[in-house]
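S.K.: First the structure, then my questions, so here it is.
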Amino acid sequence: MTTFQERQRLREQAAYYLNMGDVDTYTQLMHEAQMGIPNSNNDLKNWGSNNKRTVNRRKAVKQLMDDYTRKEIAEELNCDISTVRKDIIFLREKEQEEEHG
């Protein structure tokens, strides 16, 4: 699920396109905001995937990884521990990339 801020950004983008007269893009963005569909362009860049389930899982792992063990996260998200391990590796590599510019 996307966060409130992400959905709000989609709504702002949608309003821009509506003001520009692009009703189709407006409709698509508002639908994404309403349904909590990740923005595929940003998700590939930020989360390494366009797959909604993968993006949502990685967002959840990011929130949980400081306070829970891999096993606890896997149980909470109902996925395999190796998937959690791969997600944590991805998130840490992404964090290092952002730190080093």
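The values are calculated or read from the model by the stated rules, or taken from the named source; none is laboratory data. It should be emphasised that the depicted structure is a prediction, and the values quoted were computed from it without experimental measurement. When we count neighbours, we look across all protein chains shown, and the Cβ atoms used for this are built from the backbone with ideal geometry, even at glycine. With ligands, DNA and RNA removed, areas are computed over all heavy atoms of the protein, side chains included. Shrake-Rupley method; radii C 1.70, N 1.55, O 1.52, S 1.80 Å.
S.K.: Can you bin the range 44-100 into rounded, prolate or oblate? Criterion: square roots of the alpha carbon gyration tensor eigenvalues sorted a ≥ b ≥ c, rounded for a/c under 1.5, prolate for a/b above b/c, oblate for the rest.
M.R.: Cα axes put the range 44-100 in the oblate bin.
S.K.: Just to confirm, what accessible area per residue do you get for the range 14-101 at 1.4 Å probe, in whole Å²?
M.R.: I get 72 Å² per residue for this part.
S.K.: What percent does the relative contact order of the range 44-100 come to when contacts are Cα pairs within less than 8 Å and at least six residues apart?
M.R.: Values: 29 pairs, mean separation 16.0, N = 57.
Normalised by residue count, the contact order of the range 44-100 is 28 percent.
S.K.: Ignoring any ligand, DNA or RNA, what whole percent of the accessible area of the chain comes from carbon and sulfur when the probe is 1.4 angstrom?
M.R.: Working: 3340 of 7360 Å².
Reported share for carbon and sulfur atoms: 45 percent.
S.K.: Shifting gears a bit: For Gln8 and Thr25 in one chain, what is 0.36 nm times their gap in residues minus the Cα-Cα distance, to one decimal in nm?
M.R.: Contour length minus the Cα-Cα distance gives 4.6 nm.
S.K.: If you average the sequence gap of Cα pairs under 8 Å that are 6 or more apart and divide by the length of the chain, what percent do you get for the contact order? Don't skip to the answer; put the middle values down first.
M.R.: Numbers: 76 pairs, mean separation 18.3, N = 101.
Relative CO of the chain lands at 18 percent.
S.K.: Okay, moving on. What distance in nm separates the simple spin-label points at Glu99 and Asn46, each placed 7 Å from Cα in the Cβ direction?
M.R.: Rounded to a tenth, the inter-label distance reads 2.1 nm.
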